[in-house]
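One structure below.
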Amino acid sequence: MSDIKISIIVPIYNVENYLRRCIESIVTQSYRNIEIILVNDGSTDKCAGICDEFLKKDDRIIVVHKKNGGLVSARKVGTAVATGNYILNVDGDDWIEKERVKELVEEGILTSFPDMVYMSGYSKDYEENSINVDYEIPIKVFYGDEIQTQVFPLLMDIGLAFRRKVEVSLWSWGIKRELIQRNQNFVNNEIRMGEDSACIWFCLLEAKSVAFIRQKGYHYIHRKTSITYLAAISSDDNFLRIKMWYRELSNFLDEHHVSANIMQIFYYLAIWMIMNANYELLLRKNDDYLYPFPKVKSGCTIVIYGAGKLGCSLVNYLDKVKCFQVALWIDQNKAGSIQLGHQISSIESILSATYDYIVVAIQNIDIAMNVKSNLVDRGVQKDKIELMNLGIVTKSMIPDEIIG
């Protein structure tokens, strides 16, 4: 087992409050045959000193200090330096549990030496609690055409709503060094949104074998600030980022002559990305109804349920166009708070409100279904609750500004 060397790449930018825990979690892995590549991407805080401090303590550590160039450029530098059989990524503000690399090797690599290993499950750590995230997936090795027919559909379900069972974050994957070195270089350094999904799609299109295992030892740190929400409603930077991502990935797929089914998965992913990056583009393109709620026609009085990024983007847009009357803005976790100049109300407020529809502004269909069930249990009419309906998604739904 010790013959398998794992290179762990840590891209770092201004995460001094999290970096020590991240590096400690890697150097204390029970599996010892690793190299740890710390790529300091021009941090202006104390990250550089922390990296150099650990360099002196462990001869498995390599430190690269570079001019700030973004996440893609940092990962390219890390993969170029790596000498391991497989590459694993850990973001500089996250951390991993002690057995993560050992289980990657024993359960994912040694069984079949696949090109890629997907580790299903992780923890989303908030300031006050932690949520386990996992989905039921087949624990097996996929070969050849099975990757396109069985793995890609797990990246984004083609149906009436958004559902994905496989993460497209690089930290969920162990990938053969040569495979990720080639395909990371196809990702444009300027991409600042969707860069992980681009690299993973590129790798999957070349891979001959992909193993799925269950390994929940990754801790994704959710740093929740107002900036998160502002990013969802500021359009200029996000528009350019999503346009670049769309162009890069669509051109790559065209060059590889992928199936119509994979292209449809891509369009679903693109819509999902655009909703997170610049929801207003989709809302403007479909101005006769509230996209993607086709029953909610212009002029309706609505309740918005959800005050996350998507809900904020939606409310911000509706404030501008005045095509709908917003009766209430609801979020069970944020009742009483003020966002975008609006009071967020409790769920109970719905019972005394007058409206045509409750619009559930939540992309995850499983969470949205739970919200709907809860509302029905409280006496809300089922036919007044609208979840996203993506049965209408085609290439024609992609805004012209993104395609052009």
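How many percent of DSSP beta bridges within the range 289-404 run antiparallel, rounded to 5?
In the range 289-404, DSSP labels about 25 percent of beta bridges as antiparallel.
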Exercise. Using the per-residue mean of other Cβ atoms lying within 10 Å as a proxy for protection, in what order, highest first, do the peptides 311-317, 131-137, 282-288 fall?
Worked result: 311-317, 282-288, 131-137
Exercise. Which three extents, in whole angstrom, do the alpha-carbon atoms of the range 321-362 cover along their principal axes, largest first?
Worked result: 26, 24, 20
For this session: Quickly work out the residue 129-to-residue 182 label distance, labels modelled 7 Å from Cα along the C-beta direction, and quote it in nm with one decimal.
Result: 4.6
Exercise. Which value, in nm² and rounded to one decimal, describes the direction-averaged projected area of the C-alpha convex hull of the range 77-119?
Worked result: 3.7
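Once R0 is set to 22 Å, what does the formula 1/(1 + (r/R0)^6) return for the Cβ-Cβ distance between residue 284 and residue 263, expressed as a FRET efficiency to the nearest 0.05?
The formula returns an efficiency of 0.35 here.
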Exercise. Can you tell which of 350, 71, 55 lies farthest toward the positive end of the dipole of the chain, using +1 and -1 charges on the Cβ of basic and acidic side chains (Lys, Arg; Asp, Glu)?
Worked result: 350
Seminar exercise, completed: The computed P(r) of the range 291-365 puts the percent of Cα pairs beyond 16 Å at 44
For this session: Taking each pair of different alpha-carbon atoms in the range 239-374 once, compute 1/r for the pair, average those values, and report the inverse of that mean as the Kirkwood hydrodynamic radius in Å to one decimal.
Result: 16.3
For this session: Using per-residue counts of other Cβ atoms within 10 Å, averaged over each peptide, order 367-376, 148-157 from highest down.
Result: 148-157, 367-376
Exercise. Tell me, how many Å apart are the Cα centres for the range 104-123 and for the range 19-48?
Worked result: 21
For this session: Positive end of the charge dipole of the chain (Lys, Arg +1 and Asp, Glu -1 on Cβ, about the Cα centre): tell me which of 311, 179, 244 has its Cα farthest that way.
Result: 311
Problem set entry | Bins of 10 Å, starting at 0 and running to the largest distance - Cα pair percent for the chain | 4, 21, 30, 25, 15, 5, 0
Exercise. So how many Å³ per residue does the convex hull of the Cα atoms of the range 140-205 work out to?
Worked result: 105
Exercise. By how many degrees, between 0 and 90 and to the nearest 10, does the Cα long axis of helix 235-255 differ from the longest principal axis of the chain?
Worked result: 60
For this session: State the Cα centre-to-centre distance between the range 159-197 and the range 367-404 in whole Å.
Result: 26
Exercise. Taking only Cα atoms, what is the 0 to 90° angle, nearest 10, from helix 71-81's long axis to the longest principal axis of the chain?
Worked result: 20
For this session: Could you run the Karplus curve 6.51 cos²θ - 1.76 cosθ + 1.60 with θ = phi - 60° over the range 162-168 and give me ³J(HN,Hα) per residue in whole Hz, x for Gly and Pro?
Result: 7, 8, 9, 10, 10, 6, 9
For this session: Grab the beta carbon distance between residue 21 and residue 354, set R0 = 45 Å, and tell me the FRET efficiency rounded to 0.05.
Result: 0.35
Seminar exercise, completed: Under a Gaussian network model of the chain whose springs join Cα atoms within less than 10 Å, the largest fluctuation of 126, 289, 279 belongs to 126
Exercise. Among 214, 163, 247, which one moves the most in a GNM of the chain with springs linking Cα atoms closer than 10 Å?
Worked result: 247
Exercise. Mind checking the dipole of the range 30-77: about its Cα centre, +1 per Lys or Arg Cβ, -1 per Asp or Glu Cβ, Debye to the nearest 20?
Worked result: 140
For this session: Report, to two decimal places, the Cα Rg of the range 349-404 normalised by 2.2 N^0.38 Å (N = number of residues).
Result: 1.47
Seminar exercise, completed: For the range 157-213, the percent of accessible surface on carbon and sulfur atoms (probe 1.4 angstrom, ligands and nucleic acids excluded) is 46
Problem set entry | Fraction of the pair-distance distribution of the range 237-317 above 14 Å, Cα-Cα pairs, percent | 68
Exercise. Can you give the Kirkwood hydrodynamic radius for the range 20-158, in Å, rounded to one decimal and based on Cα pairs?
Worked result: 17.2
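The values are calculated or read from the model by the stated rules, or taken from the named source; none is laboratory data. A quick note: this is a predicted structure, and the numbers were derived from the prediction, not measured. Here Cβ is always computed from backbone atoms with ideal geometry, including for glycine, and neighbour counts include all displayed protein chains. Keep in mind that these areas ignore ligands, DNA and RNA; they rest on the heavy atoms of the full protein, side chains included. Shrake-Rupley method; radii C 1.70, N 1.55, O 1.52, S 1.80 Å.
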